[in-house]
1. Provide a single number: the residues in segment 182-199 that are buried (at least 24 other Cβ atoms within 10 Å of the Cβ) and touching a strand residue (DSSP E or B) at 6+ places or on another chain (Cβ under 9 Å).
2. Go through segment 26-37 residue by residue and tally those that are within 10 Å of the ligand (Cβ to nearest atom), under 23 Å from the mean Cα position of the chain (by Cα) and over 23 Å from residue 235 (Cβ atoms).
3. Return the pairs, sorted by first residue and then second, in which the second residue is surrounded by fewer than 22 Cβ atoms within 10 Å (Cβ to Cβ), the first residue lies in segment 218-238 and is in a helix (DSSP H, G or I), the beta carbons are less than 7 Å apart, and the residues are 6+ apart or on different chains.
4. Let me confirm something: among 340, 346, which residue is more than 19 Å from the chain's Cα centre (by Cα) and closer than 23 Å to residue 269 by Cα?
5. Quick check on my filter: what residues within segment 321-332 are under 23 Å from the mean Cα position of the chain (by Cα) and surrounded by fewer than 24 Cβ atoms within 10 Å (Cβ to Cβ)?
6. For segment 326-360, which residues satisfy the criterion of being assigned to a strand (DSSP E or B) and touching a strand residue (DSSP E or B) at 6+ places or on another chain (Cβ under 6 Å)?
7. Quick one: which residue in 101, 127, 107, 133 is under 16 Å from the mean Cα position of the chain (by Cα) and modelled with pLDDT under 95?
8. Would you confirm, using the coordinates I've provided, whether residue 160 is in a helix (DSSP H, G or I) and either over 21 Å from residue 232 (Cβ atoms) or without any contact (Cβ under 8 Å) to a residue 24 or more places away in the chain (or both)?
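The values are calculated or read from the model by the stated rules, or taken from the named source; none is laboratory data. Keep in mind that this is a model prediction, so the values were computed, not measured. Ideal geometry is used to build each Cβ from the backbone, glycine not excepted, and the neighbour counts take in all protein chains shown.
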Ligand SMILES: [Zn+2]
């Protein structure tokens, strides 16, 4: 193991502030979110604040260890634009990041934060892409990593995560997985995903990494709307914060979700309630909503659009016919856009869909799920051991319990 690199936070960082009550806070890890909101029974993530003076989107760790993340292609889809009566439609190919998803932008900043904090170990709860990304960046930094997942995780992810040297533990229930992370954080590990209930979102230092998507989009012709898959809203919140910092206006942000969660909150439901639903869109499954997602939609006059699995599959096929094979969850962005376009009001507008992961692998492919023999067993007190061996094709009843990470 090589000596761990020393990475300093930018001198322009001045502090943090709550996304809900705007209270300023000193730079620290706030595991339960804003302390003032927590005392009032609310769960809200924080954002970072910077000295003014730099154009573009700031990063807390500009010198973070990179694997080449960011600068992803923006591909025009003129035929689809014409079908949907849009002026212009482009797809941001986030699967071109080093481990194949948008999560790499977040992992680079998270691992820099973990190094800065002197952490020896990072832990993440993941349905697939997040865990894979954290494992890779932790390996790059010489940090040990433990990824807590569910039995449904496909073998292709298991192989990759363990190839990076990370420990993989499987749980029958995703909420138990979050308790496992809380235990590890209590032991000094750095959390690279949310593990709180009500959910808050990932450490704000990581979310900052997504601001660069806004910067890359704003460097071209500013879109009128940006549509993306959404679960706990890390990506959504990061893109919103990026556009706000750039100062050229915030496009309408649209959250595609597999069943009505954010849509119900925008209609008046309490964001802290559970919103149960079943879906094969594994990367954006889960029953929780975060304040950061709600706030990003409100700040951008945005929308939440439920996309059922059938609509996501149709969108996946349509994208594939354009040469883009997206993960089912990612394809939901096109389905959500089509739903909005059918409702009218988008004629001639410029839309971007964020394709977060490739269809060449998918956390929702439960027929590929199987725990290899070399995988670590979870701690007995908190976990129910996963079944070893090849699982038959199945409809996983626990799918509605999954929480992405
Ligand atoms: Zn607050």
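1. Initial filter on segment 182-199 (buried (at least 24 other Cβ atoms within 10 Å of the Cβ)): 190-195, 199.
If we keep only those that are touching a strand residue (DSSP E or B) at 6+ places or on another chain (Cβ under 9 Å) too, we end up with 190-195.
So the count comes out to 6.
2. Count: 0.
3. Close Cβ pairs (under 7 Å, with a partner that is surrounded by fewer than 22 Cβ atoms within 10 Å (Cβ to Cβ)) amount to 218/246; 218/248.
4. Just a single option satisfies the conditions, and that option is 340.
5. 324, 325
6. Across segment 326-360, the qualifying residues are 326, 350, 351, 352, 353, 354, 355, 357.
7. Details: 101 fails: modelled with pLDDT under 95; 107 fails: modelled with pLDDT under 95; 133 fails: modelled with pLDDT under 95.
Among 101, 127, 107, 133, only 127 is under 16 Å from the mean Cα position of the chain (by Cα) and modelled with pLDDT under 95.
8. Working: in a helix (DSSP H, G or I): yes; either over 21 Å from residue 232 (Cβ atoms) or without any contact (Cβ under 8 Å) to a residue 24 or more places away in the chain (or both): yes.
So residue 160 fits the description; yes.
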